[in-house]
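The structure appears below as structure tokens.
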Amino acid sequence: VQLVESGGGLVQAGGSLRLSCAASGNTSDFNAMAWYRQAPGKERDLVARITNGGGSTNYADSVKGRFTISRDNAKNTVQLQMNSLKPEDTAVYYCNAVKVIVRLSQRYLYTYWGQGTQVTVSS
């Protein structure tokens, strides 16, 4: 499975960007897909997650009301619409996918990561 992000770039504060993640496999195979971000010298943190079945979403408090995650299983993509961007949103953004397989009563968790796309918000 390969995840390829696109859509990053440089934007002024208050602007918008739309990130896209294309999966080589079927996104419907993943239990959940998510976007994480990592700023220099900081840990990688969850930004937003969307489940496959019900499409439920959850967001980091810092992006609630500004970011929207969505997935298109027909196109095998997941997007992150980012509005009202702030300088503190500057980071490398990573696409993540999780697949859970149950075999002989054992639960196996597979996690996949993209290579990341840089988002820079200038003040």
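General remarks:
- The residue list THR51, THR68, THR120 contains one member that is surrounded by 11 or more Cβ atoms within 10 Å (Cβ to Cβ), without any contact (Cβ under 8 Å) to a residue 24 or more places away in the chain, more than 18 Å from VAL1 (Cβ to Cβ) and among the polar types (S, T, N, Q), which is THR68.
- Taking the criterion of being among the small types (Gly, Ala, Ser) and without any contact (Cβ under 8 Å) to a residue 40 or more places away in the chain, the residues of segment 25-48 that qualify are GLY41, ALA48.
- Any hit, segment 59-73, residues being modelled with pLDDT of 95 or more, in a strand (DSSP E or B), within 12 Å of PHE30 (Cα to Cα) and not basic (Lys, Arg): no
- When residues of segment 17-42 are limited to those that are over 14 Å from TYR93 (Cβ atoms) and not hydrophobic (A, V, I, L, M, F, W, C), the one least open to solvent (accessible area, probe 1.4 Å): THR27
- Residue list for segment 73-106, restricted to those being touching a helix residue (DSSP H, G or I) at 6+ places or on another chain (Cβ under 8 Å), free of Cβ contacts under 8 Å to residues at least 60 places away in the same chain and of a type in the set (A, V, I, L, M, F, W, C): VAL78
- Residue in segment 70-79 that is of a type outside the set (Lys, Arg) and in contact with an Asp or Glu (Cβ under 8 Å, 6 or more places away or on another chain) present: yes
- Residue in segment 39-48 that is more than 22 Å from VAL100 (Cβ to Cβ), of a type in the set (Lys, Arg) and part of a strand (DSSP E or B) present: no
- Tally of residues being assigned to a strand (DSSP E or B) and within 23 Å of THR51 (Cβ to Cβ) across segment 79-97: 9
- Residue match in segment 98-114 (condition: in a loop (DSSP other than H, G, I, E, B) and more than 18 Å from VAL4 (Cβ to Cβ)): yes
- When residues of segment 102-123 are limited to those that are of a type in the set (Val, Ile, Thr) and touching a Leu at 6+ places or on another chain (Cβ under 8 Å), the one farthest from ALA13 (Cα to Cα): THR117
The values are calculated or read from the model by the stated rules, or taken from the named source; none is laboratory data. The structure presented is a predicted model; accordingly, all values stated were derived computationally and were not measured. Ideal geometry is used to build each Cβ from the backbone, glycine not excepted, and the neighbour counts take in all protein chains shown. Remember, those area values only see protein heavy atoms, side chains included, never the ligands or the DNA or RNA. Shrake-Rupley method; radii C 1.70, N 1.55, O 1.52, S 1.80 Å.
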